[in-house]
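This report concerns only the one structure given below.
The values are calculated or read from the model by the stated rules, or taken from the named source; none is laboratory data. Remember, it's a predicted structure, so these values are computed and weren't measured experimentally. Positions of Cβ are backbone-derived with ideal geometry, glycine not excepted, and every protein chain shown enters the neighbour counts. We work out accessible area using only protein heavy atoms, side chains counted, and drop any ligands, DNA or RNA first. Shrake-Rupley method; radii C 1.70, N 1.55, O 1.52, S 1.80 Å.
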Amino acid sequence: MSTSAQIGVTGLAVMGRNLARNFARNGYSVAVHNRTAAKTRALVEEFGDEGTFVAAETAEEFVAALERPRRLVIMVKAGEPTDAVIREFAPLLEPGDMIIDGGNAHFADTRRREKELREQGLHFVGTGVSGGEEGALLGPSIMPGGSVESYATLGPMLEKISAKAADGTPCVTHCGPDGAGHFVKMVHNGIEYADMQLIAEAYHLLRSVAGYEPAEIADIFRTWNRGRLDSYLIEITAEVLSHVDAATGKPFVDVVQDQAEQKGTGRWTVQIALDLGVPVSGIAEAVFARSLSGHTELREASRELAGPSVTPLADAEKAAFADKVEQALYASKIVSYTQGFHEIQAGSEEYDWNIDLGAVAAIWRGGCIIRAAFLDRIRAAYDARADLPSLLPDKGFAEEIATAQDDWRAVLVAATQQGVPTPGFSAALAYYDALRAERLPAALTQGQRDFFGAHTYRRTDREGSFHTLWGGDRSEVSA
């Protein structure tokens with residue numbers, strides 16, 4: 001077999017197959033391999049006219065087909081399947097070759113693999129790929145980590161197959177060393193969870209409080225998508241809500257079980273945020289909302305619990321309420337992105353990755369699931385001030401939230417009065433209010449901790465740590 005392929009893809013399920021086709025469509029010769037050889041043959045037979053494919057049935061044939069430095073993309077399930085593929089291929093490679101993991105790997109696994117392969121002289125590039133099967137084929141947002149040397153040869157290829165933002169910029173950037181790419185992808189997915197939960201809550205409010213039907217709500221979302229909420233998720237929400245089930249003639253959303261599933265990246269975002277000490281309450285509430293939706297026995301047992309008397313809005317009030325929901329949704333989305341970027345910033349500092357937050361915002365403008373028009377403004381905010389501690393103090397966003405906050409609060413009052421759960425909206429507003437508060441009740445919490453555990457506290461009027469002797473005269477001592 002000739003050494004003719006510029007890049008190789010092993011693992012030809014939907015994502016791997018489409019990524020291989022994307023490379024071929026963009027003029028690259030692509031070696032393709034799958035554990036089941038029939039999938040390899042099927043790809044070449046069905047899509048061979050899209051470009052140059054080199055089919056390989058064995059690992060040895062696959063590696064032999066790649067020009068050096070070899071670029072080998074793994075598209076298999078995260079965890080042990082990825083480790084198994086690495087164990088199979090790494091002994092066949094030579095120093096300077098690279099293995100690119102395009103799956104949804106945990107960034108800690110990526111850091112481990114990168115270190116192990118670096119010691120063997122191989123480059124390991126943990127690469128987040130967002131956009132689903134359509135994005136993999138037509139242009140995803142790509143978040144590679146790994147060494148600078150690997151990106152020098154791999155980067156131009158990724159830039160060519162990636163999505164392009166409205167200004168033509170490729171939606172790919174070198175995120176940083178070892179696990180930086182998969183970390184950024186993890187947080188992307190966490191923001192995605194929060195975004196979807198907020199949109200779902202907006203739908204719930206428009207239907208349960210305002211009394212709109214799904215098709216009417218679809219039209220409202222289409223209107224929103226022509227404004228500042230312009231985004232992929234708002235766009236597809238309108239499509240889902242307007243869809244009618246062919247079998248029953250009912251709105252599609254009325255025949256789907258209200259139990260949302262998850263694959264784990266949202267949970268990882270929350271777990272790692274806890275480790276880093278970063279509050280991502282909006283993302284956490286989105287994860288817990290999906291979890292709660294699946295506890296059917298618990299929900300059934302609680303169905304008859306008391307709730308408020310529901311008073312539907314009059315027709316004259318509905319449009320005004322929808323406008324308020326738009327304000328609440330937009331403000332809450334800003335908070336979700338704020339929390340996500342804060343986690344990326346904290347991870348970058350913890351692991352010495354030096355992630356460019358403006359560049360991350362830029363590559364999320366196209367291809368990925370959370371692509372949205374206002375990412376241009378997030379990019380501009382970080383480009384103007386790389387050390388921006390939060391998006392919320394940014395002048396433009398601060399002014400918009402100042403305008404939105406009264407409606408945001410009114411929507412939550414209405415939701416509470418009508419018994420409509422809004423954990424995402426509520427968590428976002430609580431986060432916003434906590435940040436702007438002059439004093440938080442954490443002072444009382446510290447007093448409690450010192451009382452029962454002698455955990456000490458700091459004072460506002462002098463330096464040092466202190467402990468109160470809570471028995472007897474309650475005198476204070478320096479800790």
In the stretch 460-479, what residues are open to solvent by 70 Å² or more (accessible area, probe 1.4 Å) and assigned to a loop (DSSP other than H, G, I, E, B)? 460, 461, 462, 463, 469, 470, 472, 473, 474, 479
When you check residue 71 against the structure, is it closer than 27 Å to residue 188 by Cβ and open to solvent by less than 40 Å² (accessible area, probe 1.4 Å), yes or no? yes
Looking at the stretch 92-100, is at least one residue surrounded by fewer than 22 Cβ atoms within 10 Å (Cβ to Cβ), acidic (Asp, Glu) and touching a residue at least 24 places away in the same chain (Cβ under 8 Å)? yes
Qualifying residue in the stretch 328-351 (condition: out of contact with any Leu (no Cβ under 9 Å at 6 or more places or on another chain) and among the aromatic types (Phe, Trp, Tyr)): yes
Only residues that are touching a strand residue (DSSP E or B) at 6+ places or on another chain (Cβ under 7 Å), part of a loop (DSSP other than H, G, I, E, B) and not charged (D, E, K, R): list them for the stretch 367-382, please. 367, 368, 369, 373
Kindly indicate whether residue 307 is closer than 18 Å to residue 201 by Cβ and surrounded by fewer than 11 Cβ atoms within 10 Å (Cβ to Cβ). yes
Being out of contact with any Ser or Thr (no Cβ under 9 Å at 6 or more places or on another chain), assigned to a helix (DSSP H, G or I) and among the β-branched types (Val, Ile, Thr) is the filter here; which residues of the stretch 189-220 pass it? 220
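Per-residue answers, yes or no, for (1) of a type in the set (Phe, Trp, Tyr); (2) out of contact with any strand residue (DSSP E or B) (no Cβ under 6 Å at 6 or more places or on another chain); (3) surrounded by fewer than 24 Cβ atoms within 10 Å (Cβ to Cβ); (4) without any contact (Cβ under 8 Å) to a residue 12 or more places away in the chain:
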| position | (1), (2), (3), (4) |
| --- | --- |
| 90 | no, yes, yes, no |
| 107 | yes, yes, no, no |
| 113 | no, no, yes, no |
| 128 | no, no, no, no |
Looking only at the stretch 323-366, which residues are over 15 Å from residue 183 (Cβ atoms) and open to solvent by 10 Å² or more (accessible area, probe 1.4 Å)? 323, 324, 326, 327, 362, 365
Tell me which residues, restricted to the stretch 229-245, are farther than 14 Å from residue 198 by Cβ, out of contact with any strand residue (DSSP E or B) (no Cβ under 8 Å at 6 or more places or on another chain) and either open to solvent by 50 Å² or more (accessible area, probe 1.4 Å) or among the hydroxyl-bearing types (Ser, Thr, Tyr) (or both). 235, 236, 239, 240, 242
Residues in the stretch 435-459 that are open to solvent by 80 Å² or more (accessible area, probe 1.4 Å), over 28 Å from residue 391 (Cα atoms) and not hydrophobic (A, V, I, L, M, F, W, C): how many? 5
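Just need a number here: residues in the stretch 84-112 that are over 18 Å from residue 9 (Cβ atoms) and not aliphatic (A, V, I, L, M).
Looking only at the stretch 84-112, we keep the residues that are over 18 Å from residue 9 (Cβ atoms), and these are 87, 91, 94-96, 106-112.
After this cut, where a residue has to be not aliphatic (A, V, I, L, M) as well, the list is 87, 91, 94-96, 106-107, 109-112.
Residues flagged as over 18 Å from residue 9 (Cβ atoms) and not aliphatic (A, V, I, L, M) within the stretch 84-112 amount to 11.
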Selection within the stretch 383-392 - part of a loop (DSSP other than H, G, I, E, B), open to solvent by 50 Å² or more (accessible area, probe 1.4 Å) and not acidic (Asp, Glu): 385, 386, 389
Considering only residues that are hydroxyl-bearing (Ser, Thr, Tyr) and within 17 Å of residue 105 (Cα to Cα), look in the stretch 247-281 and name the one that is surrounded by the most Cβ atoms within 10 Å (Cβ to Cβ). 269
For residue 298: the one exception among (1) under 22 Å from residue 427 (Cβ atoms); (2) open to solvent by less than 30 Å² (accessible area, probe 1.4 Å): (2)
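Name the residue, out of 322, 306, that is at negative phi and either basic (Lys, Arg) or in a loop (DSSP other than H, G, I, E, B) (or both).
Values: 322 fails: either basic (Lys, Arg) or in a loop (DSSP other than H, G, I, E, B) (or both).
Matching residue, one of 322, 306: 306.
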For the stretch 56-95, enumerate the residues that are in a loop (DSSP other than H, G, I, E, B) and of a type in the set (Ser, Thr, Tyr). 58
Quick one: is residue 46 open to solvent by 50 Å² or more (accessible area, probe 1.4 Å), farther than 20 Å from residue 136 by Cβ and modelled with pLDDT of 95 or more? no
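If I ask for residues that are among the basic types (Lys, Arg) and out of contact with any Leu (no Cβ under 9 Å at 6 or more places or on another chain), which ones from the stretch 399-452 would you list? Steps first, please.
At the first step, the residues of the stretch 399-452 found to be among the basic types (Lys, Arg) are 409, 436, 439, 449.
Of everything in the stretch 399-452, those that are among the basic types (Lys, Arg) and out of contact with any Leu (no Cβ under 9 Å at 6 or more places or on another chain) turn out to be 439, 449.
Return the residues of the stretch 393-408 that are open to solvent by 10 Å² or more (accessible area, probe 1.4 Å) and either within 23 Å of residue 174 (Cβ to Cβ) or modelled with pLDDT of 95 or more (or both); say none if nothing qualifies.
The answer is 398, 399, 400, 402, 403, 405, 406, 407.
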Being over 21 Å from the mean Cα position of the chain (by Cα) and among the hydroxyl-bearing types (Ser, Thr, Tyr) is the filter; apply it to the stretch 306-353 and report the residue that is modelled with the highest pLDDT. 309
Could you grab the pairs with beta carbons closer than 8 Å, sequence gap of 6+ or different chains, first residue in the stretch 215-228 and without any contact (Cβ under 8 Å) to a residue 40 or more places away in the chain, second one loosely packed, with under 13 Cβ neighbours inside 10 Å and of a type outside the set (Phe, Trp, Tyr)? 218/239
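So in the stretch 161-205, with the set limited to residues that are among the β-branched types (Val, Ile, Thr) and touching a Gly at 6+ places or on another chain (Cβ under 7 Å), which one is surrounded by the most Cβ atoms within 10 Å (Cβ to Cβ)?
Filtering the stretch 161-205 down to residues among the β-branched types (Val, Ile, Thr) leaves 161, 169, 172-173, 184, 187, 191, 199.
Narrowing further to those that are touching a Gly at 6+ places or on another chain (Cβ under 7 Å): 161, 184, 187, 191.
Values: 161: 24, 184: 33, 187: 28, 191: 29.
Of everything passing the filter in the stretch 161-205, 184 is surrounded by the most Cβ atoms within 10 Å (Cβ to Cβ).
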